[in-house]
């Protein structure tokens, strides 16, 4: 039980990578806090699997809502040990066709949302805590049809380093977990056939990842096993970017 007695918030944990991480934390003994924006049914299912009643609607673009949710969690649990900033969206299009509205939406959720959650958790985070930001291969390699998503995720990686420097004296660790192309519903909606061919050519392991491929690293970064690791980006991408 590597996360026993730890309180772990996972944003966007109603499906996909967030759901898998939340459930892996519960298996390791953590008290898991589930958040969702649109998929309430998925969040309820995750909470059931995690044996928790700490489920919150949370739009990570809403600063006041973040303040209220984090304060309520801290009041009920006594403080937070782990925050996983997983909530994310994507709007795919060719660079010259991407609208300003879609650009702003993706940046607001994927980058501003991470900034706000990182900032608002600090009053409630216990010494020795861990913040894990979810990056992406797109932020390292550059998504062919996801310029807004790639820019946001590159920003998340940089933000990770900045925050790690700021909170190091509190023994709070800040790292980024950067997945490659995961074969889930999120990917299916955003990956055109020509992009899939490109990805297949990039992958040294010649297959898409799964959400379960992310959980081992997520547990490691949340646990005391990574107590001397901060300001790092851990890439799990099947060798797509080295």
Which of the helices (runs of 4 or more DSSP H) found entirely inside segment 147-242 contain at least 2 residues meeting this: in contact with a strand residue (DSSP E or B) (Cβ under 9 Å, 6 or more places away or on another chain) and either crowded, with 17+ Cβ neighbours inside 10 Å or at pLDDT 95 or above (or both)? 147-167, 212-222
Taking segment 27-49 and keeping only residues that are surrounded by fewer than 20 Cβ atoms within 10 Å (Cβ to Cβ) and closer than 14 Å to residue 6 by Cα, one is left with 27, 28, 29
I'd like the full set of residues that are over 16 Å from the mean Cα position of the chain (by Cα) and either under 14 Å from residue 17 (Cα atoms) or without any contact (Cβ under 8 Å) to a residue 24 or more places away in the chain (or both), limited to segment 214-241. 228
Is one or more of the residues making up segment 79-95 free of Cβ contacts under 8 Å to residues at least 40 places away in the same chain and out of contact with any helix residue (DSSP H, G or I) (no Cβ under 6 Å at 6 or more places or on another chain)? no
Selection from segment 112-146 of residues part of a helix (DSSP H, G or I), touching a strand residue (DSSP E or B) at 6+ places or on another chain (Cβ under 8 Å) and within 22 Å of residue 214 (Cβ to Cβ) yields 113, 114, 117, 118, 121, 137, 139, 140
How many of the residues making up segment 51-60 are crowded, with 16+ Cβ neighbours inside 10 Å and in contact (Cβ under 8 Å) with a residue 24 or more places away in the chain? 3
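The values are calculated or read from the model by the stated rules, or taken from the named source; none is laboratory data. The model shown is predicted, which means the values in this text are computed figures rather than measured ones. Every residue, glycine among them, receives a Cβ derived from its backbone with ideal geometry; neighbour counts consider all protein chains shown.
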